[in-house]
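The values are calculated or read from the model by the stated rules, or taken from the named source; none is laboratory data. Remember, predicted model here, so these are calculated numbers, not experimental data. Note that we place each Cβ from the backbone using ideal geometry, even for glycine, and neighbour counts take in every protein chain shown. For accessibility, only protein heavy atoms count, side chains too; no ligands or nucleic acids. Shrake-Rupley method; radii C 1.70, N 1.55, O 1.52, S 1.80 Å.
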Amino acid sequence: MTNPFEDQKIFMKACNQTVGVLNQEQFDLYRTLIAEEVKELDEAIDSNNEIEKLDALLDIMVVTLGALHSLGVDEENAWKEVILSNMSKIDPETGKVLKREDGKVIKPDTFKPPRLENYFLD
């Protein structure tokens, strides 16, 4: 259990769910589960419950991976593509990113958006 993509795939197969192919009904279920977990995160934040925050954030990851597996995409390589894109926001001279006042990272001229069109399996 070291690869969250593979771990979730194993769990989903144990639940008799499909992986790696578009399954709209299953994808819709995961969308609902994501919303439920975000609500649980909000409740944990409101009650200042650190354990429940951690649980909710990890559950959001799990159900998001389930949604990705249900979408019929090469989710792990798409993830790598997004990470490469994010890394292009780092200034090679300073090793840092530029941020707005609110903390959001600014896309510099060196930014390369992820090219995700080739990660659909169908």
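Loop sites by DSSP among the trypsin sites (Lys or Arg not before Pro) of the chain, restricted to those with at most 14 other Cβ atoms within 10 angstrom, leave 1-95 as the longest stretch without any of them.
Using just its DSSP H runs of length 4 or more, each adding -39500 (n - 2.57), the chain gives a mean residue ellipticity at 222 nm of -19000 deg cm²/dmol after division by all residues. Considering only Cα-Cα distances, which of the following residue pairs are longer than 24 Å: Lys53/Lys96; Lys39/Lys99; Lys53/Lys104; Lys39/Lys96? Too far apart for the 24 Å limit: Lys53/Lys96; Lys39/Lys99; Lys39/Lys96. Report the longest stretch of the chain that contains none of the GluC sites (Glu not before Pro) sitting in a DSSP loop with at most 15 other Cβ atoms within 10 Å. No qualifying site falls inside 1-92, the longest such stretch. Once backbone amide H atoms are built at 1.01 Å from N, Val73 has Gly20, Leu121 as its partners under 5 Å, excluding neighbours fewer than 5 places away on the same chain.
Ligands, DNA and RNA aside, Leu57 has an accessible area near 90 Å² when probed at 1.4 Å.
Altogether, the Stokes-Einstein calculation at 4 °C and 1.567 mPa s, with the Kirkwood radius of the chain over Cα pairs as Rh, returns a diffusion coefficient of 79 µm²/s.
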